[in-house]
Amino acid sequence: MTETSNRMWGGRFAAGPDAIMEAINASIGFDQRLAREDIEGSRAHAAMLAATGIISGSDADAIREGLLTVLSEIEGGDFPFSAALEDIHMNVEARLRDLIGEPAGRLHTARSRNDQVALDFRMWVRAQCDALDEALVALLRALLAQAEAGTDWVMPGFTHLQTAQPVTWGHHMLAYVEMFARDRARFADARKRMNLSPLGAAALAGTSFPIDRQMTAEALGFDGPSANSLDAVADRDFALEFLAAASITAMHLSRFAEELVIWSSAQFRFVTLSDRFSTGSSIMPQKKNPDAAELIRAKIGRILGANIALMTVMKGLPLTYSKDMQEDKEPVFDAADALMLALAAMTGMVGDMTANQGALRAAAASGFSTATDLADWLVRVLGLPFREAHHITGRLVALAEAKGCDLPDLTLEQMKSIHDGITESVYDVLTVEASVASRTSYGGTAPVRVREQIARWKEQLA
């Protein structure tokens, strides 16, 4: 260990770290996940060093081929990771030296582990934004398929989980399309902001070597190099922004999962989840538990926790790099894994679930869900002020409740006992079908509006 430590740190330290220091200092247990990004960044750096005459072409060729061998070993599971070498950067460089000898020592010219890790991590988070975009598109398509299947199926809309007004199944599914589409936009927006290369910032102040930062930025798919070397190595706001977007997405998933848990219960019977995303009970043979939905609902805790954890790590750090920032990766890795799994599970559940149209309509027709339609009729037909219409409707609801029936079941005489101006035509607005059909304002629940929105989203996702 001492020899390895001396080789890594040069002549500054006479002795290697003890076991406890090695354990707290090493990050190879988790940052080996950045191997592909690390090697890709090193290859771009070596090519730039050769193009600018800082190293020879032959050294750059040896480095390039050696790095490909290292990557092959890592991806093949044959790479001997060492905690004594601390991190993925030093593990790769040490193995490269074993393979090609002296040229490996020239690779680190004009860079530092500070800009190296900032580069690797930024590239990894950028790739996660792309992967999550694909996962969100898959979920959006599954939701659109549900919306299209039940464009005019009537169901209750809720406030406070109390029956409010009838809506359509398609409209409810489209509400989540809107939410997850905004989530997708948040990741895309974060990706644009993070797409500047920190490579070349070196330790913190830049370098005196005549490097070409634009060349490496373009080679690695960035829009350009970062404009301030201190900021390039010091901040992790790109990871925080990723976690913020992930937290909002997980919150949306959790809300939908909560609805699926409720809807699949025996008391609601709005949906049936497939056996693929349900489990049984060890003691109660009749049970079919929505475990996948419940686990999705819980993922927000881990993802939001990761956001808070990294924000807490970063909040008190002076510029530029501090070892605290080694704690940036594990929460991001965990949050990204949790979100990808939750999205896949939700997409599977939405694709498989069956809506119970009869139960949806029966629930929509209960709970005086057309009371607002009655109030609107009183305003529109009888010319009453809305506040008076609201009061009259409330009295009619109380009457129906006392008689154990719903509003459409009251006789005309009973309605006239509350307001003499009510006519037979009031019954035209008291069905749930008439209610949803009347909500034709832009963004409303009327099937004609729902079909327009489905067409718009299908075109956007094509």
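The values are calculated or read from the model by the stated rules, or taken from the named source; none is laboratory data. Owing to the predicted nature of the structure, the values given are computational and were not obtained by experimental measurement. Cβ atoms come from the backbone with ideal geometry, glycine included; neighbour counts cover every protein chain shown. What goes into the accessible areas is simple: the full protein's heavy atoms, side chains included, and nothing from ligands, DNA or RNA. Shrake-Rupley method; radii C 1.70, N 1.55, O 1.52, S 1.80 Å.
Annotation note: chymotrypsin sites (Phe, Trp or Tyr not before Pro) in region 410-462 located in DSSP loop regions with a Cβ neighbour count of at most 15 within 10 Å are Y442. How much net charge surrounds S254 when only the other residues with a Cβ under 15 Å from the Cβ of S254 are counted, with Lys and Arg +1 and Asp and Glu -1? Around S254, the charge tally is -1. To put it simply, the accessible area of the chain at a 1.4 Å probe is 54 percent carbon and sulfur. Counted residue by residue at 0.36 nm each, then reduced by the alpha carbon distance between them, the extension gain from E22 to K458 reaches 151.6 nm. A run of the chain free of exposed loop cleavage sites, with trypsin sites (Lys or Arg not before Pro) counted only in DSSP states other than H, G, I, E and B and at most 10 other beta carbons within 10 Å, reaches its longest extent at 13-314.
The slack between R302 and E258, meaning 0.36 nm per residue of separation minus the straight C-alpha distance, is 14.2 nm. Convex hull of alpha carbon positions in region 290-444: directionally averaged projected area 15.9 nm². Simple rule: put +1 on each Lys or Arg Cβ and -1 on each Asp or Glu Cβ in the chain, find the dipole, and look at L34, Q128, A46; the Cα lying farthest toward the positive end is Q128. In the chain, helical runs assigned H by DSSP with n ≥ 4 each contribute -39500 (n - 2.57); averaged across all residues and rounded to the nearest 500, the mean residue ellipticity at 222 nm is -20000 deg cm²/dmol. For K323 and T109, a Förster radius of 25 Å and the Cβ-Cβ distance give a FRET efficiency of 0.55, rounded to the nearest 0.05. Looking at the chain, the DSSP beta bridges with both ends there are about 90 percent antiparallel. Put +1 on the Cβ of every Lys and Arg and -1 on every Asp and Glu Cβ in the chain; which of W263, V154, T411 then has its Cα farthest towards the positive end of the dipole? Ranked along the dipole, the leading option is T411. The label point for M340 and the one for D409, both projected 7 Å from the Cα toward the Cβ, are 5.4 nm apart. With a simple spin-label model that places each label point 7 Å from the Cα along the Cα-to-Cβ direction, the separation between R276 and R193 comes to 3.7 nm.
In the complete set of protein chains, residue-level accessible area for L319 is approximately 130 Å², probe 1.4 angstrom. Estimated from the Cβ-Cβ distance and a Förster radius of 56 angstrom, the FRET efficiency linking F81 and A398 is about 0.15. Of interest is the spacing of the C-alpha centroids, which for region 166-232 and region 379-429 amounts to 57 Å. Here the simple spin-label model places points 7 Å from the Cα toward Cβ, and for H391 and V137 these points are separated by 5.8 nm.
If R0 equals 41 Å, the separation of the Cβ atoms of L230 and R451 corresponds to a calculated FRET efficiency of about 0.15.
A 1.4 Å probe run over the chain, with the rest of the protein chains in place, finds 46 Å² accessible per residue. Ranking C405, C129 from most to least accessible surface, computed with a 1.4 Å probe over the protein chains only, gives C405, C129.
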